[in-house]
1. Conditions first: (1) in contact with a strand residue (DSSP E or B) (Cβ under 6 Å, 6 or more places away or on another chain); (2) within 15 Å of ligand 1 (Cβ to nearest atom); (3) assigned to a helix (DSSP H, G or I). VAL36 passes all but one, so which condition is the exception?
2. Is there a residue being more than 16 Å from ligand 2 (Cβ to nearest atom), of a type in the set (A, V, I, L, M, F, W, C), assigned to a helix (DSSP H, G or I) and surrounded by fewer than 20 Cβ atoms within 10 Å (Cβ to Cβ) anywhere in segment 2-18?
3. Among the residues of segment 197-209, which ones are away from ligand 3 (no atom under 15 Å from the Cβ) and either buried (at least 24 other Cβ atoms within 10 Å of the Cβ) or of a type outside the set (Lys, Arg) (or both)?
4. Is there a residue being under 17 Å from ARG164 (Cβ atoms), touching a residue at least 24 places away in the same chain (Cβ under 8 Å) and surrounded by 19 or more Cβ atoms within 10 Å (Cβ to Cβ) anywhere in segment 67-86?
5. Quick test for you: out of GLY105, GLY115, pick the one residue that is within 21 Å of THR61 (Cα to Cα) and part of a loop (DSSP other than H, G, I, E, B).
6. Look at segment 20-54 and say how many of its residues are within 15 Å of ligand 3 (Cβ to nearest atom) and either in contact with a Leu (Cβ under 6 Å, 6 or more places away or on another chain) or not small (Gly, Ala, Ser) (or both).
7. Do you know which residues across segment 191-212 are in contact with a helix residue (DSSP H, G or I) (Cβ under 9 Å, 6 or more places away or on another chain), hydroxyl-bearing (Ser, Thr, Tyr) and more than 8 Å from ligand 1 (Cβ to nearest atom)?
8. If the Cβ limit is 6 Å and pairs must be 6+ apart or interchain, which residue in segment 37-60 that is closer than 20 Å to ALA134 by Cα pairs with which residue that is within 13 Å of ligand 1 (Cβ to nearest atom) and among the acidic types (Asp, Glu)?
Amino acid sequence: MGLIACKFGGSSAADGLQIRKIRDIAAANPDRRYIVVSAPGKRYDADNKITDLLYLLKAQTEHNAPYGQLLQVIKERFLGLEADLGIHVGIADEFITIEENLKNGATADYLASRGEYLSAKIIAAFIGYDFVDAAGLVLFSAKGKFLYEETNDALGAELAKHERAVLPGFYGTLPDGSIKTFTRGGSDITGALASRAAKADVYENWTDVSGFLMADPRIVENAKAISYISYKELRELSYMGASVLHENAIYPARLAGIPINIRNTNIPDDPGTIISADDKPQEGQIITGVAGNKDFTVIGIYKNMMSNEIGFIKRILSILEDYDIPIEHIPSGIDTVSLVIADKYLDEKLGDLIEDFEKKLGADSIELYENMSLIATVGLGMASVPGVAAKLFGSLTEAGVNIRMIDQGSSELNIIVGVETKDFDTAIRAIYSAFVA
Ligand code: ADP
Ligand code: ASP
Ligand code: MG
């Protein structure tokens with residue numbers, strides 16, 4: 001017998017119908033002993049995710065706006081699940097506690113975590129598994145740094161006491177016991193942590209698509225599913241915006257050598273995508289996928305004879321350090337260097353930063369390109385095939401997309417291009433069609 005740890009995302013926990021699918025999937029293989037769940041997600045397009053509503057609740061109380069109605073909406077979704085599934089886990093009482101804490105200034109992290117907490121309670125009761133809270137097991141330092149090894153020990157020791165358990169994803173605790181969440185989508189991380197702690201043979205991540213697709217299905221219709229991908233490639237794609245799996249969910253699984261299998265709760269027989277350490281390119285496959293992120297600014301700095309000037313880049317970096325601004329990429333030419341920076345770090349600092357550059361760098365020109373997006377084309381197979389870059393750039397030119405920046409990692413695992421955000425979807429479609437016939 002093997003051991004499988006599973007994580008079911010928001011759409012898989014959205015309503016009674018979906019939760020019955022979780023029960024059936026768990027029952028279909030007795031190895032599925034540990035199950036991490038998200039808060040209920042959307043039941044239909046225009047619906048709300050519970051996590052979003054919980055954050056909204058916090059925002060309303062912060063602005064002294066009446067919150068009663070919103071709290072009622074959230075409560076009713078959980079009461080509805082209890083009624084639909086014919087179980088009783090004390091949702092009404094839980095909401096008395098939540099409201100009390102809300103009135104006493106509960107943090108956004110605490111409130112957001114209640115989605116996963118209640119979801120796990122309900123699902124555990126319905127499928128007959130133990131409920132194991134993540135509080136006290138998924139651990140952060142007082143400064144909020146996630147503690148891998150302490151978590152692994154605590155979680156491992158607790159899981160060993162339970163033959164079968166459901167755990168809430170997304171959050172853990174600080175040393176004083178208060179709740180701290182991961183960033184959005186963080187239940188994927190909890191699933192990876194539980195897999196590692198339980199020494200699972202595989203980490204099944206159940207969602208609403210039949211695996212990792214070669215491109216975001218909201219941009220490329222009928223994008224092909226990837227049957228196999230290495231951790232390395234996946235990390236590039238997740239980091240670059242392929243949102244199926246949280247980028248930080250890969251590390252714990254990779255550390256323990258546990259393959260991740262992305263599966264579709266709605267089509268459980270589909271084999272999905274296997275992600276593992278094996279990094280031999282797949283036969284005949286040049287690119288594995290394409291993904292992108294919006295909201296970047298590129299600052300292009302030109303200075304004659306820059307290449308001869310020792311310490312020029314160092315000066316740029318130290319100015320950025322003064323502003324506490326991280327850089328995404330620094331592609332450079334002989335006399336030029338471009339700084340690619342996420343807008344969220346620039347906001348109101350941009351004007352001052354440029355002024356400082358002008359004063360301190362003695363550059364011939366500094367150009368600003370706003371509303372930029374980065375698109376990564378990723379594939380282990382790229383290194384061995386000549387002409388990949390030419391094909392990629394050709395496809396963009398043909399689609400009328402202006403390329404503002406190019407960066408190819410020395411690993412030749414990816415090629416990143418910067419394009420104007422208005423061209424984002426067009427560029428992704430063009431690259432996809434160039435490589436996937
Ligand atoms: P969950 O709630 O199960 O965690 P997410 O919404 O976080 O699910 O992730 C699944 C979604 O990711 C899909 O519904 C799809 O819209 C989106 N997505 C973006 N890029 C990709 C891709 N390359 N392959 C598959 N899905 C993708
Ligand atoms: N519920 C959280 C979110 O919406 C965490 C997750 O679903 O993974 O971000
Ligand atoms: Mg997710």
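The values are calculated or read from the model by the stated rules, or taken from the named source; none is laboratory data. Computed from a prediction, not measured in an experiment: that's the story for all the values here. Cβ sites come from the backbone with ideal geometry, for glycine too, and all protein chains shown count toward neighbours.
1. (3)
2. Initial filter on segment 2-18 (more than 16 Å from ligand 2 (Cβ to nearest atom)): 2-4, 16-17.
Those left that are additionally of a type in the set (A, V, I, L, M, F, W, C): 3-4, 17.
Retained after the next criterion (residues that are assigned to a helix (DSSP H, G or I)): 17.
So of that shortlist, the ones also surrounded by fewer than 20 Cβ atoms within 10 Å (Cβ to Cβ) come out as 17.
Yes - at least one qualifying residue is present in segment 2-18.
3. Of segment 197-209, the ones away from ligand 3 (no atom under 15 Å from the Cβ) are 197-202.
Within segment 197-209, ALA197, ALA198, ALA200, ASP201, VAL202 meet the criteria.
4. So in segment 67-86, the residues under 17 Å from ARG164 (Cβ atoms) come out as none.
No; the residues of segment 67-86 include none that is under 17 Å from ARG164 (Cβ atoms), touching a residue at least 24 places away in the same chain (Cβ under 8 Å) and surrounded by 19 or more Cβ atoms within 10 Å (Cβ to Cβ).
5. Values: GLY115 fails: part of a loop (DSSP other than H, G, I, E, B).
That would be GLY105, the only listed residue that is within 21 Å of THR61 (Cα to Cα) and part of a loop (DSSP other than H, G, I, E, B).
6. The initial filter retains those residues of segment 20-54 that are within 15 Å of ligand 3 (Cβ to nearest atom), namely 36-42, 49-52.
Those left that are additionally either in contact with a Leu (Cβ under 6 Å, 6 or more places away or on another chain) or not small (Gly, Ala, Ser) (or both): 36-37, 40, 42, 49-52.
The total comes to 8.
7. SER195, TYR203, listed by residue number.
8. Listed pairs, sorted by first residue: ALA39/GLU116.
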